[in-house]
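Heads up, the thing below is written out as structure tokens.
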Amino acid sequence: MLAAIICTDKPGHLKTRLENRDAHLAYGRESGKLVMAGPFLNESGDMCGSLLILEVDDMADAHAFAAEDPYAKAGLFEDVRIEEWKKVIG
């Protein structure tokens, strides 16, 4: 099944994002679950959130992935939504 993780950064936390970016990217690559991912950008072009699409066995797996993300552990996110997602086009 596919799951989408939609995250919004806490305001003013770009430094936290940048300090943890390498660990976050490595975690995603090494997980074997990540299908696609990328940051949301604000009006200034700065990263301000994340969208991750995962291939997981169940939603508990998606929640566990999100909890172990280095960004989450660093306290970057103001809000995190985890939703089952169905690919239709692309």
>> What distance in nm separates the two pseudo spin-label positions at Ile6 and Leu25, each 7 Å out from Cα along the beta-carbon direction?
In response: 2.6
> How far, in nm, would the chain grow between Lys15 and Lys87 when pulled straight, counting 0.36 nm per residue and subtracting the alpha carbon separation?
Replying inline: 22.6 nm
> Between exposed trypsin sites (Lys or Arg not before Pro) in the chain, where DSSP calls loop and at most 11 other Cβ atoms lie within 10 Å, what's the longest gap?
Replying inline: 1-85
> Hey, what did the chain get for relative contact order, percent, Cα under 8 Å, at least 6 apart?
Replying inline: 50
> Among the lysines, which have Cα under 19 Å from the Cα of Lys15 when same-chain residues fewer than 8 positions away are ignored?
Replying inline: Lys73
>> Using a probe radius of 1.4 Å on heavy atoms only, what accessible surface per residue do you get for the chain? Whole Å² is fine.
In response: 62
> Computed from these coordinates, which is Cα extents along the principal axes in Å: [x] 63, 22, 16; [y] 32, 32, 21; [z] 34, 26, 20?
Replying inline: [z]
> How would you classify region 48-90 from its alpha-carbon gyration tensor, with a ≥ b ≥ c the square roots of the eigenvalues: rounded for a/c under 1.5, else prolate if a/b is greater than b/c, otherwise oblate?
Replying inline: oblate
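The values are calculated or read from the model by the stated rules, or taken from the named source; none is laboratory data. Worth saying up front: this structure is predicted, and the values here are computed from it rather than measured. Virtual Cβ from ideal backbone geometry, glycine too; neighbours counted across all protein chains shown. Side chains included, ligands, DNA and RNA excluded: accessible areas come from the protein's heavy atoms. Shrake-Rupley method; radii C 1.70, N 1.55, O 1.52, S 1.80 Å.
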